[in-house]
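J.: Right, I'll just put the structure down here and ask away after.
Computed from the coordinates by the stated procedures, all read-outs in this text should not be read as laboratory data. Remember, predicted model here, so these are calculated numbers, not experimental data. For neighbour counting, all protein chains shown are included, and Cβ atoms are generated from backbone atoms with ideal geometry for every residue, glycine included.
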Amino acid sequence: MSGARVMVVGAGGREHALAWVLARSPGVGEVLVAPGNAGTADLGPRVATPLGLATAEAVQWLAAEAERRAVDLVVVGPEAPLAAGLVDALAARGVAAYGPTRAAAELEASKAHAKAFMQRHAIPTAEAVTADRVEVASDAVGAFADRSGGRVVVKASGLAAGKGVTVARDPVEGRAAAAAAFAAGERQVVVEEFLEGDEVSLLVVCDGRRAVPLPLVEDHKAAFDGDLGPMTGGMGTLAPVDPWGPTGLDEAMRSVVAPTLDGLRAEGRPFVGTLFLGLMLTQMGPRLLEYNVRFGDPELQALVPLLASDAFELLDRAARGRLTDVRPAWRPGACACVVMAAEGYPGPPKTGVTLDLPADLGHDVVVFHAGTARDADGRLVSAGGRVLGVTAVGPDAGAAVAGAYAAVDRIGFPGAHVRRDIGRRPRRW
Ligand code: AMP
Ligand code: GLY
């Protein structure tokens with residue numbers, strides 16, 4: 001084999017997008033995916049993960065497997081293996097990895113910890129109270145709701161795949177969310193002021209010291225059209241978006257990204273990997289809603305079809321602390337990703353539904369698999385909550401969105417749940 005052997009860790013749409021873009025890199029010889037899905041299986045060998053991805057034992061097993069298979073670079077998709085110490089386990093075996101250590105990944109593992117970090121490093125964010133008792137949460141709900149016309153945000157502190165947040169319309173709903181989180185075993189609940197503005201996802205590729213921003217992405221996290229219903233992991237995305245004008249990104253890099261990377265380095269846990277900042281552009285400037293320590297899903301699906309330069313070079317250099325003079329190049333135009341979710345999502349999804357993917361969706365359309373598998377007869381079936389991420393590139397946002405929906409309408413599967421307003425949010429800019 002000539003070229004690098006890369007192992008992508010994870011099983012969702014983001015990991016299909018990673019495997020897809022890495023497989024196109026001239027420097028890559030083989031892409032292994034652990035464990036992947038039916039879509040990644042077309043791109044390279046599948047590494048079964050008998051222990052899963054989320055425990056100390058599982059990450060030790062994966063690290064040993066990467067070493068045994070002489071992997072040159074491991075690219076970690078989801079947060080759970082990062083929080084379980086996969087990158088630390090790989091480092092101990094001398095295997096290069098794109099992703100943060102467990103200590104650096106704590107920014108996502110606990111919302112209470114992240115909020116304390118933001119406050120410690122004077123990073124602009126919503127005012128908040130971290131409560132360890134339901135009475136404290138209840139008082140905070142009342143106080144913040146009073147300030148924002150009744151609205152208040154309640155966040156379960158632990159990892160919840162983006163689903164542990166309630167944007168409550170009134171204190172009754174806010175208190176119920178806090179009580180439910182404690183009842184579910186949460187030890188800390190963050191209650192914070194409701195911020196009004198345009199929300200964007202900023203993803204930056206970091207090498208411990210330097211940061212390279214990717215184009216801004218708009219995500220649609222609520223389950224239903226009009227941003228109604230429960231939070232999901234993300235129902236669709238559009239890239240690039242530009243709510244801020246030319247200086248906005250510089251402002252976010254200066255006021256949010258730089259102090260984050262400096263703060264982590266000063267605390268002895270430099271950040272390598274993707275720092276994903278959920279930002280709200282308020283009238284007072286950008287405010288940080290949350291950190292994630294990985295690529296967004298489905299943010300990444302709307303970015304990779306636009307990438308015109310070498311993904312492997314970017315991630316490999318970041319992993320090795322050598323992100324000097326690397327600037328990714330992007331195709332002109334826009335890309336939209338519309339998620340086709342299973343009946344029931346974000347609750348327990350119906351699985352095992354046969355999927356029929358037309359072969360001729362067009363060269364500007366890429367369908368990334370998320371929860372898919374092959375059944376005993378080799379048929380493609382649904383196997384998770386978010387099933388497919390249907391992407392299309394177009395000369396502008398409107399064309400990209402239209403292209404993605406045209407493909408969605410040709411796919412369809414029984415019970416499929418699709419938001420119809422992805423990329424169609426009224427623009428305030
Ligand atoms: P998080 O996981 O913290 O990003 O929260 C999930 C979603 O809840 C965000 O993407 C926002 O849409 C919304 N959200 C979180 N915090 C706030 C806030 N302080 N004000 C308004 N909306 C928020
Ligand atoms: N799409 C939001 C996330 O990846 O958390």
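Residue by residue, here is whether (1) under 23 Å from Arg265 (Cβ atoms); (2) assigned to a helix (DSSP H, G or I); (3) touching a Phe, Trp or Tyr at 6+ places or on another chain (Cβ under 8 Å) holds:
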residue: Leu90; (1), (2), (3): yes, yes, no
residue: Ala105; (1), (2), (3): yes, yes, no
residue: Ala112; (1), (2), (3): yes, yes, no
residue: Thr130; (1), (2), (3): no, no, no
residue: Ala137; (1), (2), (3): no, yes, yes
residue: Ala143; (1), (2), (3): no, yes, no
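J.: Given the criteria among the polar types (S, T, N, Q), within 16 Å of ligand 1 (Cβ to nearest atom) and more than 17 Å from Lys115 (Cα to Cα), does Thr324 qualify?
T.: No: the conditions fail for Thr324.
J.: Could you grab me the full set of residues in segment 237-246 that are in contact (Cβ under 8 Å) with a residue 24 or more places away in the chain and either of a type in the set (Phe, Trp, Tyr) or assigned to a loop (DSSP other than H, G, I, E, B) (or both)? Steps first, answer last, please.
T.: Initial filter on segment 237-246 (in contact (Cβ under 8 Å) with a residue 24 or more places away in the chain): 237-245.
Those that are in contact (Cβ under 8 Å) with a residue 24 or more places away in the chain and either of a type in the set (Phe, Trp, Tyr) or assigned to a loop (DSSP other than H, G, I, E, B) (or both): Pro240, Val241, Asp242, Pro243, Trp244, Gly245.
J.: Regarding Ala97, is this residue crowded, with 20+ Cβ neighbours inside 10 Å, within 16 Å of ligand 2 (Cβ to nearest atom) and of a type in the set (A, V, I, L, M, F, W, C)?
T.: No: the conditions fail for Ala97.
J.: Which of the following residues is part of a loop (DSSP other than H, G, I, E, B), at positive phi and either crowded, with 18+ Cβ neighbours inside 10 Å or within 14 Å of ligand 2 (Cβ to nearest atom) (or both): Gly234, Gly185?
T.: Gly234
J.: Separate question: Using beta carbons and a limit of 7 Å, which pairs, at least six apart or on different chains, have the first residue in segment 280-296 and under 11 Å from Gly77 (Cα atoms) and the second one of a type in the set (D, E, K, R)?
T.: Going by the 7 Å Cβ cut-off, the qualifying pairs are Val293/Glu79; Val293/Glu108; Arg294/Glu79; Phe295/Arg14; Gly296/Asp219.
J.: Let me ask something additional. Run Ala402 past the list (1) within 23 Å of the chain's Cα centre (by Cα); (2) closer than 14 Å to Gly236 by Cβ and report the number of the one that doesn't hold.
T.: (1)
J.: For segment 375-388, give me each residue that is surrounded by 15 or more Cβ atoms within 10 Å (Cβ to Cβ) and either under 23 Å from the mean Cα position of the chain (by Cα) or in a loop (DSSP other than H, G, I, E, B) (or both).
T.: Once the filter is applied, which keeps residues that are surrounded by 15 or more Cβ atoms within 10 Å (Cβ to Cβ) and either under 23 Å from the mean Cα position of the chain (by Cα) or in a loop (DSSP other than H, G, I, E, B) (or both), segment 375-388 yields Ser382, Ala383, Gly384, Gly385, Arg386, Val387, Leu388.
J.: To continue, here is another question. Please name all residue pairs, on different chains or six or more residues apart, with Cβ atoms under 8 Å, provided the first residue is in segment 4-17 and is at positive phi and the second residue is away from ligand 1 (no atom under 16 Å from the Cβ).
T.: Gly10/Leu18; Gly10/Val33; Gly10/Ala34; Gly10/Gly36; Gly10/Leu53; Gly10/Val76; Gly10/Gly77; Gly10/Pro81
J.: Still on this structure, I have one more. Residues Leu277, Leu300, Leu261, Leu249: which one is within 12 Å of ligand 2 (Cβ to nearest atom) and not in a strand (DSSP E or B)?
T.: Exactly one residue qualifies, and that residue is Leu300.
Residue by residue, here is whether (1) among the aromatic types (Phe, Trp, Tyr); (2) in a helix (DSSP H, G or I); (3) in contact (Cβ under 8 Å) with a residue 60 or more places away in the chain holds:
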{"residue": "Val21", "(1), (2), (3)": "no, yes, yes"}
{"residue": "Ser25", "(1), (2), (3)": "no, no, yes"}
{"residue": "Val31", "(1), (2), (3)": "no, no, no"}
{"residue": "Ala34", "(1), (2), (3)": "no, no, no"}
{"residue": "Asn37", "(1), (2), (3)": "no, no, yes"}
{"residue": "Ala63", "(1), (2), (3)": "no, yes, no"}
{"residue": "Val71", "(1), (2), (3)": "no, no, yes"}
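J.: Of the residues Thr354, Thr372, Thr391, which single one is out of contact with any Gly (no Cβ under 8 Å at 6 or more places or on another chain) and crowded, with 23+ Cβ neighbours inside 10 Å? I'd like the intermediate steps shown before the answer.
T.: On the way: Thr354 fails: crowded, with 23+ Cβ neighbours inside 10 Å; Thr372 fails: out of contact with any Gly (no Cβ under 8 Å at 6 or more places or on another chain).
Residue meeting the stated conditions: Thr391.
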